[in-house]
Amino acid sequence: MSVKLALPKGWIQGHTASFLERAGFEYADYRQSSRSYRPESGAFPDLFTKVLHEKDIAIQVATGNYDLAICGFDWTRELLVRYHHEAIVKIRDLGYGHRNLYVASSRFSDIQSIEDIKAKHGPVRIVSEYPNLAAAFALKLRLPDFRIFPVWGATDAYPPEHADLAIVSASSEADLIRKDLVPIAKILSGNAWLIANRNSLQQKDMSRILASFYRTIPKTPETEAELKISEIDSENKFEFSPIEDNVILLALADGHQQAHTISFLQKAGVKLTGYESSSQTRRPAFGFNGVDVKVVRPQDMPQQVASGNFDLAITGKDWLADQLYQFPSSPVEELMNLGFGRVRIVAVVHNNLPVQSTADLRHRLESGLIPILRIASEYSNIADMYARENHLSPYKVIPSWGATEAFLPEDADVLIENTETGSTLVKNNLKIIETLFESTGCLIANSNSLADPLKKGRIDKLVHIFEKGLKEN
């Protein structure tokens, strides 16, 4: 009976590769820059290995899809703090990938301590990639009224205007202080861990593999000198002032869409300082009076615009569609198609599955050849709509944080994915069976902001400027 091991993708991948090399696993194609989702172990030919986004790993082990995995302690704890009886066993602290989770507020906020949190009138707004840990913190403090805002990332961008507190992952308090955040409490501290499925430990002989994880002595993580607020260089720090009622708040994207957005704004003649990929500021200076900017994740923008936290955002049509499929009456709408970042949203299967279309997929379901259709996607609402509109029943949607190509064929039957050229899909032995729609960058707006005469005037001027950028393309 083969053993299935899940390894993390992302910032921890290089550290994990070094550890596995010292442990004697002999992986030739697992390293920081590797794009392989199925590295093979020279030491354990029968070991099935899959590379997944780190945020997906704990739940994949809990459901029994993998016997062993390397995962950050934070993501394991995020699952277990809510689902106490999940079948996850922590095997060994691997001594690298150290992270702390802090509760932090803005240095411009009135909340600077636990006592301030408890004394706040009205709901305490907490933004986090870790909603379960955020809720556990609020309940531990016995807060009578709190709101948890789950986001994909960029949590440090939200306080103080859009959240009172942020649950932030950082290597030290110094990291927070550099981002204008004040650490109030450390709620978690840990390294990467080897974890296992409890049933697999009882049913499979994994002694040789487990022994390899004990060949290395964990390295002691280096600690960083702490900064004090008084040591901040004030000349290079953002100076906070409350947002005026008629000021437009615009969200710009970090990550892959950032380069496209920078190029477009330059063509439109917009002077933007601090939005370079090397910059760590979440508040670049926008060369247009009456407009303030924050940098957040494009996945979060439609929800943030709909909730009124932003008036405008430059995001993708794909993420707007995902929002509107779940909330059709959401007060967010597309103002402009900006044309850049063009991708197709497609339904994808493994080449070994003998289907060429969604109709073929439905036939296999109706014939009982597929007992339940497993659809993995970052676009969970688009995936749900795809299944319902095409009568693909029974089905279940598996939400993913990324690296979704790795799910086929073992952990899912279909992906709803974005692709630019399709080359990555081909490299992973996958094929497209349907194109759902085409997505490009777009400017979206809050419907209530458009109805405000003061804001509408500034939005119209900004749209006019962006139209110049379109003409330059």
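Values quoted throughout were computed directly from the atomic coordinates according to the rules given, and no laboratory measurement underlies them. In this text the structure is predicted, and so the values were computed from the model without any measurement. Cβ atoms come from the backbone with ideal geometry, glycine included; neighbour counts cover every protein chain shown.
Remarks
- The stretch 345-416 and the stretch 247-314: distance between their alpha carbon centers, rounded to Å: 34
- Dipole of the chain, positive direction: furthest Cα of L139, N446, P39, with charges on the beta-carbon: P39
- For the chain, adding -39500 (n - 2.57) for each run of n ≥ 4 DSSP H residues and dividing by the number of residues yields -8000 deg cm²/dmol at 222 nm.
- Working from Cα pairs under 8 Å separated by at least six residues, relative contact order for the stretch 51-189 is 31 percent.
- Panel order for L454, L188, L94, by other beta carbons found within 10 Å of each beta carbon, from fewest to most: L454, L188, L94.
- Using the empirical formula 2.2 N^0.38 Å as the baseline, the Cα radius of gyration of the stretch 339-473 reaches a ratio of 1.35.
- When peptides 405-416, 193-204, 138-149 are ranked by their average number of other Cβ atoms within 10 Å per residue, the highest-first order is 405-416, 193-204, 138-149.
- Förster radius 35 Å - calculated FRET efficiency between S171 and L210, Cβ distance, rounded to 0.05: 0.75
- When you count the other C-beta atoms within 10 angstrom of each residue and take the mean per peptide, 8-18, 252-262 line up highest first as 8-18, 252-262.
- Applying a length cut-off of 15 Å (Cα extent along the axis) and a mean Kyte-Doolittle floor of 1.6 to the DSSP H helices of the chain leaves no helix.
- Computed from label points 7 Å out along Cα-Cβ, the spacing between V463 and N429 is 5.0 nm.
- Burial ranking of peptide ranges 339-351, 429-441, 123-135 (average Cβ count within 10 Å, highest at the top): 123-135, 339-351, 429-441
- Using distinct alpha-carbon pairs, which all enter the 1/r mean, Kirkwood radius of the chain in Å: 24.2
- Cα-based values for the stretch 374-424, radius of gyration first and Dmax second, are 10.7, 31 Å.
- Dipole in debye (nearest 20) - the chain, about Cα centre, beta carbon charges: Lys, Arg +1; Asp, Glu -1: 640
- Subtracting the Cα-Cα distance of F108 and I217 from 0.36 nm times their residue separation leaves 34.9 nm of extension gain.
- Straightening the chain between E389 and S447 buys 18.1 nm, computed as 0.36 nm per residue apart minus the Cα-Cα spacing.
- P(r) weight above 19 Å for the stretch 99-189, C-alpha pairs, percent: 27
- Average Cα contact separation per residue, the chain, under 8 Å, 6 or more apart, as relative contact order %: 15
- Of the residues H162, T76, G457, the one whose Cα sits farthest towards the positive end of the charge dipole of the chain is T76 (charges of +1 on Lys and Arg Cβ, -1 on Asp and Glu Cβ, taken about the Cα centre).
- Remark: relative contact order (the stretch 323-395) = 32 percent; criterion is Cα-Cα distance under 8 angstrom and separation of 6 or more residues.
- Hull-based mean projected area of the stretch 254-411, where the convex hull spans the alpha carbons, in square nanometres: 11.2
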